[in-house]
1. What is the dipole size for the chain, taken about its Cα centre, with +1 at each Lys and Arg Cβ and -1 at each Asp and Glu Cβ, in debye to the nearest 20?
2. Report, in whole Å, the centroid distance computed from the Cα atoms of the stretch 111-134 and the stretch 40-77.
3. Rounded if a/c is under 1.5, else prolate if a/b beats b/c, else oblate: with a ≥ b ≥ c from the C-alpha gyration tensor eigenvalues square-rooted, which is the stretch 121-243?
4. Place +1 on the Cβ of every Lys and Arg and -1 on the Cβ of every Asp and Glu in the chain, take the dipole about the Cα centre, and give the residue among N100, A240, S196 whose Cα lies farthest towards its positive end.
5. Once you've got the Cα coordinates, tell me which of K79/K206; K141/K206; K43/K104; K150/K206; K79/K104 are over 18 Å apart.
6. How far is helix 2-21 tilted, in degrees, relative to the longest principal axis of the Cα atoms in the chain, given as a value from 0 to 90 rounded to the nearest 10?
7. How much length is gained if the chain between T41 and S241 is pulled fully straight, taking 0.36 nm per residue apart and subtracting their Cα-Cα distance, in nm to one decimal?
8. With label points built 7 Å along Cα→Cβ from the Cα atoms of V178 and H117, find their separation and express it in nm.
Amino acid sequence: MLRRVSRALLGFVMIMAVCVGGGLATAGTAQADGCYTWTRTLKEGMSGNDVTQLQIRVAGYPGYNSVLAIDGSYGPATKAAVSRFQSAYGLAADGVAGPNTQAKLYALQDNDCTPIHFTYPELNTCNSTWAGGKVAAGTAKANALSSMWKLEALRHALGDQPLRVTSGFRSASCNSAVGGASNSRHMYGDAVDLGSGPHSLCTIAKQARNHGFNGILGPGYAGHSDHIHVNQGPSHFWSASNCGI
Ligand code: ZN
């Protein structure tokens, strides 16, 4: 009986690998995953969509005041980000994304590809469609996913305690309704506001500098006395003078 159950489970896992990964999992692949399954070890010099999928998930580890390019090309910056990710989770930090690193990433993601501690509804209390912002709905949603992986890195660095999201994507009308700036990155889906507790706002803002956010606003910047705003906009702008930023 046990053997029959095990074989049924194995069959299910193999079917998942075919459906999700587009091919059978090869030897060395840690497991199938409901979101995405890598089929090879990734390392410097490689390129492809599987590298892009890796970059999205390690973009929260670019180093201080850096942003990792999500370009499908595994260069030195991607290698360094993978090494920092590995160190953060107690893995051998060789900068090569093999089965152990991939298994850790699988363990950190839900079936909709969001990291386990953040959800799409949490990043969008405006509407369910992601439409009405400054970019196409799909782009806004993808930007929010990218933000969530950076938040997951920030959360882990702050001791795996919760981060409290108070605002994410906003359509133009939602943005007007809350008095957001006319050029707010919230309308692009890549901005997130974080409230205090359990961490202080300044603790969050200071740590965020290590996790790939081009924009950081907080106490000392007009309108940001009660939250930290982080975004992935194209211009580098940090201002939270009460936190020394
Ligand atoms: Zn904001």
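All of the numbers you see were taken from the coordinates with simple rules; none came from a lab. As the structure is a prediction and not an experimental result, all values here were calculated from the model. Using ideal geometry, Cβ is built from the backbone for each residue, glycine included, and neighbour counts are taken over all protein chains shown.
1. Dipole about the Cα centre, nearest 20: 300 debye.
2. 23 Å
3. It comes out prolate by the Cα gyration axes.
4. N100
5. K79/K206; K141/K206
6. Around 60 degrees separate the two axes.
7. Working it through step by step, the gained length comes to 67.6 nm.
8. Going from the V178 label point to the H117 one covers 2.1 nm.
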